[in-house]
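The structure appears right after this line, and notes come after that.
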Amino acid sequence: MYTNSREEEVKLLKRLWNRQPTTCPKCGRAQLVYLHRKAKKSDCDWKCPDCGEIYRTINMLKDLPNS
């Protein structure tokens, strides 16, 4: 998980899927951008241009704890 709780992780996923500007939860310095920006393959994968962390939302959803 990239956040401290399941609720925060769900909020992060919703922001990404709704294409809202989202600051990197790891470094807090830059807004996340599409990982496949040039190929326009998917809007499910995001990357922080500052720290390089990659956010794959489908994997994040699968890894969410149940409670």
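The values are calculated or read from the model by the stated rules, or taken from the named source; none is laboratory data. Values in this document were obtained by computation on a predicted structure and should not be read as measured data. Using ideal geometry, Cβ is built from the backbone for each residue, glycine included, and neighbour counts are taken over all protein chains shown. All accessible areas refer to the heavy atoms of the entire protein, side chains included, with ligands and DNA or RNA removed. Shrake-Rupley method; radii C 1.70, N 1.55, O 1.52, S 1.80 Å.
Over all other residues within a Cβ to Cβ distance under 13 Å of Cys27, the charged ones net out to +1, with Lys and Arg as +1 and Asp and Glu as -1. For Ala30, the amide hydrogen comes within under 5 Å of the amide hydrogens of Cys24, counting only partners 5 or more places away or on other chains and with H modelled in the peptide plane. Here the spin labels are modelled as points 7 Å beyond Cα on the Cα-Cβ line, and at Cys51 and Arg15 they lie 1.3 nm apart. Give, as a single signed number, the net charge of other residues whose beta carbon lies under 12 Å from the beta carbon of Glu9, with Lys and Arg counted +1 and Asp and Glu -1. Value of the local net charge: +2. No disulfide-compatible partner, judged by a Cβ distance under 4.7 Å, exists for the following cysteines of the chain: Cys44.
For the pair Cys27 and Leu61, a Förster radius of 22 Å applied to the C-beta separation gives a FRET efficiency near 0.50, rounded to the nearest 0.05.
For Trp46, Trp17, the ranking by accessible surface with the largest value first comes to Trp17, Trp46, using a 1.4 Å probe. Along the stretch 19-31 the Karplus relation, 6.51 cos²θ - 1.76 cosθ + 1.60 evaluated at θ = phi - 60°, assigns HN-Hα couplings of 6, 8, x, 9, 7, 4, x, 7, 9, x, 10, 9, 7 Hz to successive residues, with x for each Gly and Pro.
Charged side chains reduced to their Cβ positions (Lys and Arg at +1, Asp and Glu at -1) give the chain a dipole of some 320 debye around its Cα centre.
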